[in-house]
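Throughout, read-outs are computed from the coordinates displayed, never taken from laboratory work. Model, not experiment: these values are computed from the prediction. Reconstructed Cβ throughout: ideal geometry from the backbone, glycine too, with neighbour counts over all protein chains shown.
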Amino acid sequence: MPCQLEGSRAVAEAVALCRPEVICAYPISPQTHIVENLSQLVKTGELGPCEFVNVESEFAAMSASIGASATGARAYTATASQGLLYMTEALYNASGLGLPIVMTLANRAIGAPINIWNDHSDSMSQRDSGWIQLYAETNQEALDLHIQAFRLAEELSTPVMVCMDGFILTHAVERVAMPTQEQVDAFLPAFQPRQLLNPDEPITIGAMVGPEAFMEVKYLAHAKQMQALELIPEIAADFKEAFGRDSGGLLHLYRTEDAETIVVALGSVLGTIKDTIDELREQGVKIGALGIVSFRPFPLQEVRAALGGAQRVVVLEKALAVGIGGIVAANVRMALAGIHLHCYNVIAGLGGRPITKASLRGLFADAAADRLEELTFLDMDWNVVNRELARMGASRASGPHAENILRDVGPVAAGPV
Amino acid sequence: MFEVRIHGRGGQGVVTAAEMLSLAAFDEGRYAQAFPSFGSERMGAPVVAFCRIDDHEIRTREPVMEPDALIVQDPTLLHQADVFGGCRPAGFILINSIRSFDELGLGDFVASFRHERLLTVPASEFAREHTGRAVANAALLGGFAALSGLISLDAMSRAIRERFSGNVAEGNVAAAQAAHDWVAGEMKELSGAVPA
């Protein structure tokens, strides 16, 4: 049924339709509305039987989720930013133990400097934690991906992180089609755990493994993600049959058939990119987009097939690996090994800086004319950077960067938009 | 696509106003996207919220930089923040104030604008009268429905009732109705005063 909902509410309702039995969560912006809504659904009895555990930290949220999942309960949690970092040790345990927890990540920047706005620094920092990572383009896809994520996680016995852009999606009120309980029940079978802590048949989970078998156990996590490369498109196809929508899969292609330039991105910025592509297409520019849904596992072959025929690729990403540049771009370049084409890397939207059509138009025009640097920072104010570099050059005791720069640009978020 | 930008301060229901406008547009069968400007959430801080309305799916996620309509819930912002950034002479402007554009010192700025699309409305007064609180978001939406003709008052009232319940909902619906009628009256006067 179509309804007009805040993204967080839509995801909470979709998670509830998946009948989680244990939810352990700690609130952090911009994830808060999701767990607030879920706690309300548990309290009113609309979601049940389900235990909502208020924990004291994200480390506890993931630890309790691990415990719940190991007892055979369908377990869910959500977090963002510093919260994800705080649960990092437990994240690796969840994936290393092969526990099919589903977690929403409301993507947000990582401090310092402290910043509550959207980018992909948080999820990208955990790309190698062993969790499957799926990125939603719209709120519709976010809610659909959660339904698919429980099936994927439980079939493989591995955890899945559904990443949705904080604020841009979580706080956007827009139209979504909400499935019925019957539809979700028919799509998502009951959880059949591969391993189970049961007092009647005691086992241990989490043995120490020495050099004689550690590689083998680790490899199995990789093997599962390689299986996920097959399973993710299958589940998306089943989903389409059951719900009538294209959602999920490994990647999305947009107007790439004859494209000379293909833009690669993840998440909600693809909407703005598509609108910009339509405008440029009207002017005769042969440009398209590749949206990556599954960043882990990374679909090397599919990306290679989609991009290999283009003349140039522009990887636009909302994270920066300090000391080298783009993270998504590094993965895309690996997919393109041996193929000779221009691969430009653009870092954009860090800390919530809006990615506008006006900026994208200029960027794509520069790319199409091969005027781009290999690494570009979209809408970077180089005057601000250079002033601080000059201060550093002028004095050994130049002081803290953030405070110095705020004196130049004014207080936080004082502009109109 | 029709793009609305709403300016106010934390605690005034600016984000809720954008949400209710989107609910009303959805109610009328259109696509709508409402979202806040994501500033630090604190009482009294300047807040901006956006609402896009279209007949098909809205994909763009950029902030509304050139609004077709501007709603200013708190006139104390007029000379502090760049409230009018991106406003064009064909746009609608609705300001919550008992003063006129001239009295607010905006006469020169809007001289080239279409005057029948500019209004100030005493929305806080309508809100206080009908809800007991000076939270003017619903009243302004009622006024905006009349000024723009974009959304019916019925749809707006249903959206208010979807977002609120009980006395709060009914008070706000009444405030929206009062502001709507007031704006409709003003517009009639304006169109009568100036030859077409």
>> For peptide A:169-179, what's the mean number of Cβ atoms from other chains within 10 Å of each residue's Cβ?
In response: 5
> Along the three principal axes, how long is segment B:2-193 when you take its alpha carbons, biggest first, rounded to the nearest angstrom?
Replying inline: 41, 37, 34
> Name the residues of segment A:201-233 whose amide N is less than 20 Å from a point 7 angstrom out from the Cα of residue A:51 along the C-beta direction?
Replying inline: A:201-206
> To the nearest whole percent, what portion of all C-alpha pairs in segment A:251-377 is separated by more than 22 angstrom?
Replying inline: 26 percent
>> Loop only by DSSP, 16 or fewer other Cβ within 10 Å of the Cβ. Give me the GluC sites (Glu not before Pro) in segment A:32-88 that pass, ordered by residue number.
In response: A:46, A:56
>> If packing is taken as the average count of other Cβ atoms within 10 Å, what order do A:167-178, B:153-164 fall into, highest mean first?
In response: A:167-178, B:153-164
> Per residue of A:345-354, what is the mean number of Cβ atoms on other protein chains within 10 angstrom of that residue's Cβ?
Replying inline: 1
> What area, in nm² and to one decimal, does the C-alpha convex hull of the protein assembly as shown cast on average over all directions?
Replying inline: 32.0 nm²
>> I'd like the orientation of helix A:7-17 relative to chain A: the angle between its Cα long axis and the longest Cα principal axis, in ° from 0 to 90, rounded to 10.
In response: 20 degrees
>> Quick check: the angle from helix A:32-43's long axis to the longest principal axis of chain A, C-alpha only, nearest 10 degrees?
In response: 20 degrees
>> Please compute the length gained on full extension between residue A:384 and residue A:203, using 0.36 nm multiplied by the number of residues separating them and subtracting their Cα-Cα distance.
In response: 59.2 nm
> Taking 0.36 nm per residue of separation and subtracting the Cα-Cα distance, what length does fully extending residue A:279 through residue A:395 add?
Replying inline: 36.9 nm
> Given a Förster radius of 22 Å and the C-beta distance between residue B:45 and residue B:128 as r, what FRET efficiency does 1/(1 + (r/R0)^6) yield to the nearest 0.05?
Replying inline: 0.45
>> At R0 = 35 Å, how high is the FRET efficiency between residue A:1 and residue A:234 if r is their beta carbon distance? Nearest 0.05 is fine.
In response: 0.85
> Give me the Kirkwood hydrodynamic radius of segment B:39-120 in Å, from all C-alpha pairs, to one decimal place?
Replying inline: 14.1 Å
> So, with +1 on the Cβ of K and R and -1 on the Cβ of D and E, and no other charges, what is the size of the charge dipole of chain A about its Cα centre, to the nearest 20 debye?
Replying inline: 860 debye
> Within a Cβ distance under 10 Å of residue B:64, other residues only, what is the Lys/Arg minus Asp/Glu net charge?
Replying inline: -2
>> Cβ neighbours within 10 Å, averaged per peptide: list A:312-322, A:377-387 in order, most packed at the top.
In response: A:312-322, A:377-387
> For segment B:83-151, which GluC sites (Glu not before Pro) are in a loop by DSSP, counting at most 13 other Cβ atoms within 10 Å?
Replying inline: B:103
> So, counting K/R as plus one and D/E as minus one, what does the shell of residues with Cβ under 11 Å around residue A:248 add up to?
Replying inline: -3
> Restricting the count to DSSP beta bridges whose residues both fall in the protein assembly as shown, what percent are antiparallel, rounded to a multiple of 5?
Replying inline: 35 percent
> By what distance, in whole Å, do the Cα atoms of segment A:2-243 stretch along each of the three principal axes, largest value first?
Replying inline: 54, 46, 35
> Between residue A:300 and residue A:357, how many nm apart are label points set 7 Å from Cα along the C-beta direction?
Replying inline: 3.9 nm
> Which net charge results when you count Lys and Arg as +1 and Asp and Glu as -1 among the other residues whose beta-carbon is under 15 Å from that of residue A:85?
Replying inline: -3
>> Using the basic label-point model (7 angstrom from Cα toward the beta carbon), what is the residue A:182 to residue A:337 distance in nanometres?
In response: 5.1 nm
